[in-house]
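**Q** Dumping the structure here so I can ask a few things about it.
Since every read-out is calculated from the coordinates, none of them should be taken as a lab result. Please read all numbers here as calculations on a predicted model, not as lab measurements. All Cβ positions, glycine included, derive from the backbone under ideal geometry; neighbour counts span all protein chains shown.
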Amino acid sequence: MKHIGLKIALVMIVSLTVCCSIFLFVFHISFSKYFEGEAQKEIALLQGFYKLDLSTLTEEDYFNYFYDDNNIYASSVNYLYTNNNYELYADYYDWANVSNAGADKTVAEFAKNNAAKLSLGEIMVRQSASSHYVIGQLPSYDESICVVYIDITSMDRLANRFSVIAIIPMTIISIIMVFVGMNFGKRLEIARARQTTFFQNASHELKTPLMSIQGYAEGIQTGVIEPGKAATVIMDESLRMSGLVEELLDISKIESSQMKLDLEPFDLKELIYDCLRSLEPVAAKKNINLNVDFPDERIILTGDEVQIRRAISNLLTNALRYAQSSVDVAIKQGISQTIISVLDDGDHLPKDVLSHIFERFYTGPNGNTGIGLALSKEIIELHKGTITAANVASGIEFKINLPFSTTKTYF
């Protein structure tokens, strides 16, 4: 897992570079070939036009051809008039004032070298690093030869310019991907490390009751331990292990979106009273007072009562574990939400611990895996609520905010 962020960034950059290179290559080739093909069609159309009996064509025929919107190169055709040896007429050009004199001379030289093919009506392409011409020859009626060509060099330059410009955003994206990849890799490494620690601690917590069960079972077998006492311990440890496995399975269901909520109206006050009653023996053994501050009226919410009970029970169990003398539970109703507060008078937690306390694979400073708190958070969020933890003057306070409604169509 070492340097996984850099590896991810490099893979992303290489993938992006390959994809962009293929795109730019295909774009450049197809862009150039498209305009080259259009130029060839234009010259072929022009050759066909001059094969007609021009004496029979009307002015409207000429107008329809030369001003046809479909002929994108009709106004870009260059005409060269040469003798039978493809030499430009010297008196036809004022070379100092002809802007495309260099192109004309190049095309004339090319036509001379390919006279046989051009005279048969073949349309040819001359392309170099600095120019790109599509060249043809019109039917000859006298000793003169008319060579026509279309210069599509500007289209090549436009494609080249686009390719160069495209490198800029590609470079910016690559830089961003480096940071994104490294950040993602770092988070992945942290999550992987937490997951490993989580399973190590979960395995330890499962191993502890298993060893206890095994020890008492062996004690019964050898007659060293009284069966009644051993049965009680074995039952308690079995329940503890069953609860841990159930929490792990529930987290797995939530992650895979397989947990379905059974939404029904329930009395929130009665639910919390039930949770507190189940914890009274433990609280009495630790000399911890369980205090409540509830409104007089009933508080009816709609949700999955079983899952809400589990979430609140986990918070109460956690508070009872760290409280010194008291755990206070309060309910407050707002206009659009119900707030459940669980406060214990235990020691404050460092800020870095509070910020991770609800994470699934986080292990606290005392070595506990925090499975119950992670599950509580998932359950509350499935009910469209929020859960927070904070240090307050008298200890640590957990708050659950649930949307409030008196109707059965709450969620």
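**Q** I'd like to compare 306-314, 210-218: which one has the highest average count of other Cβ atoms within 10 Å, and what's the full order after that? Don't skip to the answer; put the middle values down first.
**A** On the way: 306-314: 21.2, 210-218: 15.1.
Descending packing order for the listed peptides: 306-314, 210-218.
**Q** Which chymotrypsin sites (Phe, Trp or Tyr not before Pro) does segment 105-167 hold that lie in a coil by DSSP with at most 16 other beta carbons within 10 Å?
**A** Numbers: sites: PHE110, TYR133, TYR141, TYR149, PHE162; in loops: TYR141.
Counting only loop positions with at most 16 other Cβ atoms within 10 Å, the chymotrypsin sites (Phe, Trp or Tyr not before Pro) in segment 105-167 are TYR141.
**Q** Let me know the shape class of segment 264-403, please: from the alpha-carbon gyration tensor, a ≥ b ≥ c as square roots of the eigenvalues, rounded when a/c is under 1.5, otherwise prolate if a/b is greater than b/c, or oblate. If you can, show how the numbers build up before the last one.
**A** Details: a/c = 1.61, a/b = 1.23, b/c = 1.31.
Verdict is oblate for segment 264-403.
**Q** Please report, to two decimal places, log10 I(q)/I(0) for segment 290-351 at q = 0.24, 0.30 Å⁻¹ as given by the Debye formula with identical point scatterers on the Cα atoms and no solvent.
**A** For the requested q values the scattering log ratios are -1.12, -1.30.
**Q** Set the bar at 26 Å for Cα to Cα. Now go through LYS269/LYS351; LYS269/LYS377; LYS229/LYS377 and name every pair that lies beyond it. Let's see the in-between values first.
**A** Working: LYS269/LYS351 31 Å; LYS269/LYS377 20 Å; LYS229/LYS377 37 Å.
Too far apart for the 26 Å limit: LYS269/LYS351; LYS229/LYS377.
**Q** In whole angstrom, note down how far apart the Cα centers of segment 279-308 and segment 108-168 are.
**A** 89 Å
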